[in-house]
Amino acid sequence: MPHIVVLGAGVIGLSSALRIQAEGHAVSIVARDFPSGSETIDAQSQINYTSPWGGAHNRLVPPTNPAEELEHAMSLRTFDHMRAVQARHPEAGITFMKGIEYLEAPNEAYRALTEERAHTQLGMKGFRLLEKGELPEGVEWGCEYDTWCVNPMVYCSFLLRRFAILGGKVLRREVRDPREIFSWNLEAGPIDVLVNGSGIGFGDKNVFITRGQTCLVANPCPATVTRQNADGSWTFCVPRNFDGGTIIGGTKEPNNWDPNPSLEVRDVLLQNFAATYPQILDGEGKFTVIKDIVGRRPTRKGGIRLEKEEVGEAQTIIHAYGLGGRGYELSWGVADGVARLLAEHLSSSTPNKGEAKL
Ligand SMILES: Cc1cc2nc3c(=O)[nH]c(=O)nc-3n(C[C@H](O)[C@H](O)[C@H](O)COP(=O)(O)OP(=O)(O)OC[C@H]3O[C@@H](n4cnc5c(N)ncnc54)[C@H](O)[C@@H]3O)c2cc1C
């Protein structure tokens, strides 16, 4: 039985590990960071572990080029899988709800989006264009559709537990270079293939971080709401549920390494969201702030790296990193891609089972 090692226990490593496990392979996960309660994840020492700091919601974006079409297909695949997992495992940390989009200055792709195209060509379930009277002040275009949010650490802990109960092995280690793993003596035996789900890869010059500051509040919200402002900034919320509060966001700052949240930014985020969706405020018209969050989206020029590389004799790596701000929403599509590359490498024609056993 082939032994596959997955480097990384973020949403990408965990989803890939479960997906490969379903092919009948022995799978081990090696990582520096593993999911745990978000209350105890350390904001400073674990800032480079992105998965705890994500929202995380699924937003459907009308694709305008082949790369975006591929990502759209991955997000639809993830949507279907999330629906199935949520039905079988209500404890997994997934909630289905409406996604509401408000745009102050929609581009042509949004302006041209009809309900017919959204339903039949883009597979957006429950899609509806909003009437002018339903839009907040300053917003020119809006829609709603069915989507999902996860409580990230509830969800990732669930994935890790499933992986372990299905026989997966787990090892907490930090590596300098993924190639060192090929010489390890692991419980499950010699390594056939390594999957690199390390978030930013190793020395990839195309990778950079996109800082995101958000604020976690206790206020519940029935929908995930996103407003794209005319100046390029974003105003959004992501209800985490499962006692995880609601994320109010957020900034997108390429190459900003500052780990410290700014209180001024927090105030702006909360004010902007309250102006967009005042229903979120409590009976006294307030937010209850739990904490500020800073995360680093693992972004890559040219998009995700999802490909096989031979790095030495009988040393094959399948790379799956550089997910930027879409790691959760594309996760099961990426996991399928990893399974396909692995099956091709191991010379079977196609992956044989097609679903992670969740
Ligand atoms: C503020 C914010 C909001 C976001 N909102 C959303 C959202 O709403 N929807 C969405 O889909 N995405 C969202 N994202 C993006 C999403 O969180 C990321 O795309 C995703 O978490 C990346 O997952 P990953 O598994 O690739 O990387 P990571 O979560 O960073 O995991 C990397 C893993 O590799 C391990 N690793 C790395 N280097 C080493 C090493 N040298 N040795 C051993 N182990 C190593 C780490 O320990 C970790 O286990 C958001 C991100 C931020 C910051």
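Our coupling estimate for region 195-210, obtained by passing each phi through the Karplus curve with A = 6.51, B = -1.76, C = 1.60 and θ = phi - 60°, is 9, 9, x, 8, x, 10, x, 10, x, 7, 5, 7, 8, 9, 9, 10 Hz, Gly and Pro reported as x. Angle check, please: helix 263-276 long axis (alpha carbons) against the longest principal axis of the chain (alpha carbons), in degrees 0 to 90, nearest 10. So the inclination is approximately 60 degrees. The residue among GLY133, VAL170, TYR328 whose Cα reaches farthest toward the positive pole of the charge dipole of region 3-345, with charges on the beta-carbon of Lys, Arg, Asp and Glu, is VAL170. Relative to one another, the C-alpha centroids of region 1-45 and region 279-358 are positioned 11 Å apart.
Using a 1.4 Å probe on the protein chains only, how many percent of the accessible area of region 3-345 belongs to carbon and sulfur?
Details: 7340 of 14570 Å².
For region 3-345, the apolar C and S fraction of the accessible surface comes to 50 percent.
Rounded to the nearest 5, the antiparallel percentage of DSSP beta bridges internal to the chain is 65%.
In terms of the mean number of neighbouring beta-carbon atoms within 10 Å, the peptides 7-15, 270-278, 315-323, 180-188 order highest first as 7-15, 315-323, 270-278, 180-188. Here r is the Cβ-Cβ distance between LYS205 and LYS132 and R0 is 30 Å; the resulting FRET efficiency, rounded to 0.05, is 0.05. For GLN315, the shell of other residues with beta-carbons less than 14 Å away shows a net charge of -4, using +1 for Lys and Arg and -1 for Asp and Glu. Of the residues ASN206, VAL265, ALA87, the one whose Cα sits farthest towards the positive end of the charge dipole of the chain is ALA87 (charges of +1 on Lys and Arg Cβ, -1 on Asp and Glu Cβ, taken about the Cα centre). Plainly put, the chain has a radius of gyration that is 0.97 times its Kirkwood radius, both from alpha-carbon atoms, as the Rg/Rh ratio. Annotation: aspartates and glutamates with alpha-carbon distance below 14 angstrom to LYS286 (same-chain offsets under eight excluded): ASP267. With protein chains left intact and a 1.4 Å probe, residues in the chain average 44 Å² of accessible area per residue. Once both labels are positioned 7 Å from their Cα atoms along Cα-to-Cβ, the gap between GLU91 and ALA164 label points is 1.3 nm.
Listed by chain and number, the lysines whose alpha-carbon sits under 18 Å from that of LYS125, ignoring those within fewer than 8 places in the same chain, are LYS98. Only Lys, Arg, Asp and Glu carry charge here, each on its Cβ (+1 for the first two, -1 for the last two); on that basis region 74-164 has a dipole of about 680 debye about its Cα centre. Considering helices alone, the calculated mean residue ellipticity of the chain at 222 nm is -7500 deg cm²/dmol, with DSSP H runs of length four and up weighted by -39500 (n - 2.57) and normalised per residue. Once the Cα atoms are used to define both axes, helix 152-165 deviates from the longest principal axis of the chain by about 20 degrees. Each Lys and Arg contributes +1 and each Asp and Glu -1, all at the Cβ; summed about the Cα centre of the chain, the dipole is approximately 680 debye. For the chain, the longest principal axis of the C-alpha atoms and the axis of helix 11-21 are separated by about 40°.
The values are calculated or read from the model by the stated rules, or taken from the named source; none is laboratory data. From a predicted model like this one, the values you see are computed outputs, not experimental measurements. Glycine also receives a Cβ, built like all others from the backbone with ideal geometry; neighbour counts cover every protein chain displayed. The area values use the complete protein model at the heavy-atom level, side chains included, leaving out ligands, DNA and RNA. Shrake-Rupley method; radii C 1.70, N 1.55, O 1.52, S 1.80 Å.
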